[in-house]
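Scroll down for the structure; my scribbles are underneath it.
The values are calculated or read from the model by the stated rules, or taken from the named source; none is laboratory data. Owing to the predicted nature of the structure, the values given are computational and were not obtained by experimental measurement. Note that we place each Cβ from the backbone using ideal geometry, even for glycine, and neighbour counts take in every protein chain shown.
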Amino acid sequence: MYLHITILAATILYFSILPFSAAHALAEHIDTQTDGNYCTIPLPDPEELSEDEKEWFTTFQEGTFYVQGWKEITTGILEKIQQERKKEEIQRSLNHLGIRIGCEWSKKNDVRKIDTDMLEQWGSELQKAAEDNPNKLPIVIANIQQKVFELVE
């Protein structure tokens, strides 16, 4: 009985994030134009950031000597996924999430709604899910997306 409920809940969450997994370019080739997808919440455009914000956005994406960047975290997560189709879906979701989070985090401290502690927490949640049970990644990603939307919108 519990297995059926768990499967149903996972299926509902999985399909609730599908609209956000439509094809967009990777963060290093950012193109915020949609490609006939169903996403009604447009991605922010990193090209519209100030020069200072662009530097912080790049730091978020690339990381530093001491801290992993979003791209490295994403690569580590994707290595844990066996199915190619699932890997592509997760990659698109993580790329979109990285653009949203990075654009908000790159703002000045007194303005931004996403702070470094949140980045660390979400990165840990994603890495733990990838390590412990990669099948739960869509649920973890959906939860983080929801938190980001609530904070930013």
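Search the stretch 84-104 for residues that are touching a residue at least 24 places away in the same chain (Cβ under 8 Å) and pair each with any residue that is among the basic types (Lys, Arg) and part of a helix (DSSP H, G or I) when their beta-carbon atoms are under 8 Å apart and the residues are at least 6 apart or on different chains.
The qualifying pairs are Gly98/Lys71.
Given the criterion over 26 Å from Asp117 (Cβ atoms), at pLDDT 90 or above, in contact with a helix residue (DSSP H, G or I) (Cβ under 7 Å, 6 or more places away or on another chain) and surrounded by 10 or more Cβ atoms within 10 Å (Cβ to Cβ), identify the matching residue among Lys54, Lys71, Lys87.
From the options Lys54, Lys71, Lys87, the qualifying one is Lys87.
Would you pick out the residues in the stretch 133-145 that are out of contact with any helix residue (DSSP H, G or I) (no Cβ under 7 Å at 6 or more places or on another chain) and modelled with pLDDT of 95 or more?
Within the stretch 133-145, just Asn143 meets the criteria.
Within the stretch 62-77, take every residue that is in contact (Cβ under 8 Å) with a residue 24 or more places away in the chain and part of a helix (DSSP H, G or I) and give me the one that is farthest from Glu150 (Cα to Cα).
Gly76
Please count how many residues of the stretch 108-153 are acidic (Asp, Glu) and surrounded by 14 or more Cβ atoms within 10 Å (Cβ to Cβ).
Counting residues in the stretch 108-153 that are acidic (Asp, Glu) and surrounded by 14 or more Cβ atoms within 10 Å (Cβ to Cβ) gives 1.
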